[in-house]
Amino acid sequence: MTTTQELSEGLGDLPFNVFAKACPSRGTLEHVTGRWGGLALGALYEGSLRFNELRRRVDGVSEKMLSQTLHALERDGLVHREAQPTNPPRVDYELTPLGREVAERLLALIHFVEGSMEEVLAARERYDSARA
């Protein structure tokens, strides 16, 4: 049986190993690549947004899920939350320098996927036709 250690050989002496179950990098990867995390990071790459602006930009996310996602990304140091002491309170979200770096990489993947959709849709059609 192949171990996680054996699988990661050749990756060098990384201090963290996302393939190891107990590695904290796995949780961050889940936050970044999860359904809403990647979209929130991509939207915030465009600039600072208030909660409801971000919710409108990330079409389909519930208030609860966006709130949980932002908390996780803030905890990971990818998003900065700034509450203004106004009435009503104003809360802005923006990427940290680390968050911008992550978002740049995600946006490259997002643009690649968007640019490949004709091929993906054709593959789906072939797959579905073969199974019908």
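What accessible area per residue comes out for the chain, rounded to a whole number of Å², with a 1.4 Å probe? Computed with neighbouring chains in place, this is 73 Å² per residue.
The charge dipole of the range 14-123, taken about its Cα centre with unit charges on the Cβ atoms of Lys, Arg (+1), Asp and Glu (-1) only, comes to about 420 debye.
For the chain, which whole-number percentage of the solvent-accessible area (1.4 Å probe, protein heavy atoms only) is attributable to carbon and sulfur atoms?
Working: 5150 of 9690 Å².
Carbon and sulfur together cover 53 percent of it.
If R0 is 22 Å, what FRET efficiency do you get for PHE51 and PHE112 from their C-beta distance, rounded to 0.05? Once the sixth-power term is evaluated, E becomes 0.15.
If Lys and Arg each add +1 and Asp and Glu each add -1, what is the summed charge of the other residues whose beta carbon sits under 11 Å from the beta carbon of VAL79? The partial results should precede the final answer.
Working: positive: ARG75, ARG81, ARG100; negative: GLU74, ASP76, GLU82, ASP92, GLU94.
Taking every Cβ under 11 Å from that of VAL79, the sum is -2.
The values are calculated or read from the model by the stated rules, or taken from the named source; none is laboratory data. Everything numeric in this text was worked out from a predicted model, so none of it was measured. We place every Cβ from the backbone using ideal geometry, glycine too, and count neighbours over all the protein chains shown. Side chains are part of the model used for accessible areas, which takes the heavy atoms of the whole protein and leaves out ligands, DNA and RNA. Shrake-Rupley method; radii C 1.70, N 1.55, O 1.52, S 1.80 Å.
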